[in-house]
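A short write-up of the structure that comes next.
Please treat every number below as a calculation from the coordinates, not as lab data. These figures come from a predicted structure and were not determined experimentally. Backbone-built Cβ (ideal geometry, glycine too); neighbour counts: all protein chains shown.
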Amino acid sequence: MEKLIRTPYIKGFVPYALAAFLVGLVGGFTSLFSPAFVEELDLPYNNTTWTALAMAVSTAALAPVLGRVGDMIGRRITLLIGIAVFTLGNILTAVAYTLAFMLFARFVVGVGLAAIAPVVISYIVTEFPPDKIAKGFAFYMFISGVSVIFGPILGGLIIKYYGWRMMIWVCVAVSAVVFVACTLLRDKSATVRKKAENFDILGAVLILLFFGLLLCVPSFGQNFGWRSKLFITVLIADIIAGICLLAAEKRARNPILKGSFIKRRAFILSVAALFLTQGLMQANMTNIIVFVNFTRPQDSMVSGYAISVMYLGMSLGAVLIGPLADRFEPKRVLVSSLALTGIGCGVMLLFSTDTSALLLAASLGILGFGLGGNGTVFMKVALSGVSAEESGAGTGTYGLFRDLAAPFGVAVFVPMFTNRAQSLISAGVEASTAALTSVRMLSAVEIICVVAGIIAVLFLPQIYNSKKGAEI
């Protein structure tokens, strides 16, 4: 093992902070491009599911794999590779003129994200002092959130006047600048952890296959029918891949997915709550865009303003709520932040066919405030106890399930909204009325999910006690 060389943890975090800023900024810009793309090709709105899903598959499924790669070849090299692939993916996005090519381009973007996120979180886990980790996560969430605040507004303006492709080229330019900056900045902490011959290649392939298919299951069911041959084929293939993955990881000398890390109650319940609540973010962003397009197609900028407010809320939630987990019992903090998430979803019940931008922003802003807080605290709880040598794979494993939560929300809630609206329109209901009916139904379902998430949090183990301090 390479000798550890400690540097001031804030100074060493700079290149990783820049990478987090890049991901957030580009994510904000591109939050509006998918509906614009399918509109350009004259495709149904539910095709926004596939563009989001393509990126989600690689982002989530490859996170533990590339996290393990980071443990072997080093955080800095993995970070630079991730930014380079992320840039390439956006270049491919800008020149995509078919749905199939766009799906490939977004998959490549996801590969870059899967390399970047684990090494950023790994740095916080291993280099920040133990009593500063929640603040480190809050800092990370704040950077990500702040960078994305103006993205939807600026992206919407660029789309309006120059088209979505120009917006993507702006993202490419920013990515190139960040790559150069991170190349010049160095992380002098330890990088090489393990020998390459111990890499679990079969496990890596099966992880991508199983979790990729898992993400497709709800989308295929919603869009092609729960009894369709395509859905049943995907479901059976996923079950077989899952069985093979369990067998392969059990036999592997150095498995990517560590059972001892995943089986902890703190990890399982945190992930369960994430799936029930954190997935609402991406789903509600897409659904608000589509809702605005249905109810006020002449004013597409409204959704951009509302989404920017959501990101502002996330930034504030990360800064104001997240660090409280360093001082108070995390599950107490989580109950409060999850309740705010539920309130944000509940505001959607007040929507009308001529809903003001203020009410749209209020719903997403409150939702974002809660999500920013609980996203930060969940990281502290789920990643407690991970060793420095396994930090890449551990954070990647958490990233896998965290990143599954958002596409899970997209796969479930976006088709639930769009398909319901489309069926009402086909039955003769006016488009704006159909969208309103669908969004209110969605709100009720999401509130139920938030309540279930709070129940899961209540069963988390106690982390702090007066005698031993923090433990899991």
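For the ranges 163-172, 131-140, what's the packing order if you count other beta-carbon atoms within 10 Å of each residue, average per peptide, and put the highest first? If you can, show how the numbers build up before the last one.
Values: 163-172: 20.1, 131-140: 22.3.
Averaged packing, sorted descending, gives the order 131-140, 163-172.
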Karplus (6.51, -1.76, 1.60) ³J(HN,Hα), θ = phi - 60°, over region 395-402, in Hz, Gly and Pro reported as x: 5, x, 5, 4, x, 4, 6, 5
Counting only other residues whose beta carbon sits under 11 Å from that of SER58, what net charge do I get with K and R as +1, D and E as -1? 0
Which value at 222 nm does the chain reach when only helices count, each DSSP H run of 4 or more adding -39,500 (n - 2.57), with the total divided by all residues and rounded to the nearest 500 deg cm²/dmol? -26000 deg cm²/dmol
So for the chain, averaging the separation of alpha carbon pairs under 8 Å that are six or more residues apart and normalising by length, what relative contact order in percent results? 24 percent
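Quick check: net charge around GLU39, other residues with Cβ under 14 Å of its Cβ, Lys/Arg +1 and Asp/Glu -1? Mind dumping the intermediate values first?
On the way: positive: LYS160, ARG165; negative: GLU40, ASP42.
Neighbourhood net charge equals 0.
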Karplus ³J(HN,Hα) for region 154-167 (6.51 cos²θ - 1.76 cosθ + 1.60, θ = phi - 60°; Hz, whole; x = Gly/Pro) runs 5, x, x, 5, 5, 4, 5, 9, 10, x, 5, 5, 4, 4
Quick check on my link table: of LYS258/LYS331; LYS11/LYS380; LYS11/LYS132; LYS135/LYS380; LYS135/LYS263; LYS331/LYS380, which ones sit more than 19 Å apart, alpha carbon to alpha carbon? LYS258/LYS331; LYS11/LYS380; LYS135/LYS263
How large is ³J(HN,Hα), in whole Hz, for each residue of region 336-341 in order, when computed from phi with the Karplus curve 6.51 cos²θ - 1.76 cosθ + 1.60 and θ = phi - 60°, using x for Gly and Pro? 5, 5, 5, 4, 4, 4
Candidate values [x] 145; [y] 180; [z] 131, label of the one derived for volume of the Cα convex hull per residue in Å³: [z]
With a 10 Å radius around each residue's Cβ, average the other Cβ atoms per peptide and rank 344-357, 323-336, highest first. 323-336, 344-357
Take the eigenvalues of the Cα gyration tensor for region 200-253, scale each by 5, and report the square roots as semi-axes in whole Å, largest first. 26, 9, 6
Förster-model FRET efficiency, 22 Å R0, ILE201 and ALA237, C-beta, rounded to 0.05: 0.60
Compute the label zone of GLU39 within region 172-186: residues whose backbone N is under 20 Å from the point 7 Å along Cα-to-Cβ. none
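Among MET102, MET379, which comes first, then next, by fewest other beta-carbon atoms within 10 Å?
Details: MET102 23, MET379 27.
Fewest-to-most ranking of MET102, MET379: MET102, MET379.
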Just grab the label-to-label distance for SER260 and LEU246, each label 7 Å out from Cα along the Cβ direction, in nm (one decimal). 2.1 nm
At 7 Å along the Cα-to-beta-carbon direction for both ILE455 and ILE10, put a label point, then send me their distance in nm to one decimal. 4.4 nm
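Please compute the length gained on full extension between LEU359 and ARG332, using 0.36 nm multiplied by the number of residues separating them and subtracting their Cα-Cα distance. Don't skip to the answer; put the middle values down first.
Working: separation 27, 0.36 × 27 = 9.72 nm, distance 2.87 nm.
Roughly 6.8 nm would be gained on extension.
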Roughly what would the spin-label model give for ALA173 and VAL429, points 7 Å off Cα along C-beta, in nm? 4.4 nm
